[in-house]
Amino acid sequence: MRYPVLLLALVPVFLSAQAPAADISLLAGCTNKVFDEINRTHKWSGKALAACPATIVVEKRTDGVLVTAWATRSAEGGWVRTAFSGAMGYGEIASKKELARAGRDIMARARRLERCLDSINTVNDPLECRDRATKSYAAGEESGVENDRIVWLDDDGRHTVVEYAFGNTTSTPSPPAELFNGQQQPPGMIIDLHLNR
């Protein structure tokens with residue numbers, strides 16, 4: 001009898017979790033603002049960005065910078081987290097012209113990822129994307145279900161990945177650890193943009 005009740009409790013979470021694919025463009029815009037800041041100051045301040053309701057992580061890689069932005073919101077009976085991760089090379093960030101071109105590419109790819117996520121959520125068709133979904137169950141003092149989906153474009157283009165997760169396991173889910181796995185850049189550290197140019 002407990003299992004049907006648990007499934008009924010998840011229906012409102014699932015239904016309220018279907019809408020925020022539109023958050024992807026907003027999050028992609030946040031990543032572009034971070035790249036703009038790095039271009040201007042050669043570092044990431046770590047401060048909240050204007051009109052950006054996301055948590056940000058910046059990673060320095062050998063060939064460029066990876067920025068991940070995510071937002072978590074409450075849903076009826078649980079939470080929904082949408083995350084976007086995008087990358088630019090050091091040379092792209094250093095040049096205003098290349099930065100603008102790369103920023104437009106990130107936004108275009110984010111819109112394509114939005115369409116894929118909307119299609120996955122409505123008819124379970126990933127369109128031009130690839131995806132991986134996992135479902136976790138928690139039992140014990142806190143019980144519930146967490147659904148996590150990673151979506152990326154099925155091409156050899158720029159790194160742009162979306163994570164879409166929802167559940168009722170805890171009120172504050174963990175950050176999207178699968179999207180950033182390198183060394184997080186602490187705020188204020190100088191980023192040398194002339195590497196590998």
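Bear in mind that the values in this text are calculations on the coordinates, not laboratory data. All of these numbers come straight from a predicted model, not from anything done at the bench. Note that we place each Cβ from the backbone using ideal geometry, even for glycine, and neighbour counts take in every protein chain shown.
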_Options V162, V80, V145, V151; residue that is hydrophobic (A, V, I, L, M, F, W, C), touching a helix residue (DSSP H, G or I) at 6+ places or on another chain (Cβ under 8 Å), in a strand (DSSP E or B) and surrounded by fewer than 21 Cβ atoms within 10 Å (Cβ to Cβ)_ = V145
*Residues of the stretch 91-145 being in contact with a strand residue (DSSP E or B) (Cβ under 7 Å, 6 or more places away or on another chain), closer than 30 Å to E37 by Cβ and among the hydrophobic types (A, V, I, L, M, F, W, C), which ones?*
I93, A102, I106, A110, L113, C116, L117, C129
*Where residues in the stretch 145-160 are β-branched (V, I, T) and under 17 Å from the mean Cα position of the chain (by Cα), which of them is nearest to G103 (Cα to Cα)?*
T160
*Can you tell me how many residues in the stretch 113-128 are touching a residue at least 12 places away in the same chain (Cβ under 8 Å), crowded, with 16+ Cβ neighbours inside 10 Å and polar (S, T, N, Q)?*
1
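Conditions tested, residue by residue: (1) among the aliphatic types (A, V, I, L, M); (2) within 16 Å of G157 (Cα to Cα).
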{"position": "G46", "(1), (2)": "no, no"}
{"position": "L49", "(1), (2)": "yes, no"}
{"position": "V65", "(1), (2)": "yes, yes"}
{"position": "T72", "(1), (2)": "no, no"}
{"position": "S85", "(1), (2)": "no, yes"}
{"position": "M107", "(1), (2)": "yes, yes"}
{"position": "L113", "(1), (2)": "yes, yes"}
*Out of all the residues in the stretch 121-148, which are in contact with a Leu (Cβ under 8 Å, 6 or more places away or on another chain) and under 22 Å from L27 (Cα atoms)?*
E128, C129, R130
*Looking only at the stretch 57-81, count how many residues are of a type in the set (A, V, I, L, M), within 14 Å of the chain's Cα centre (by Cα) and over 30 Å from N39 (Cα atoms).*
1
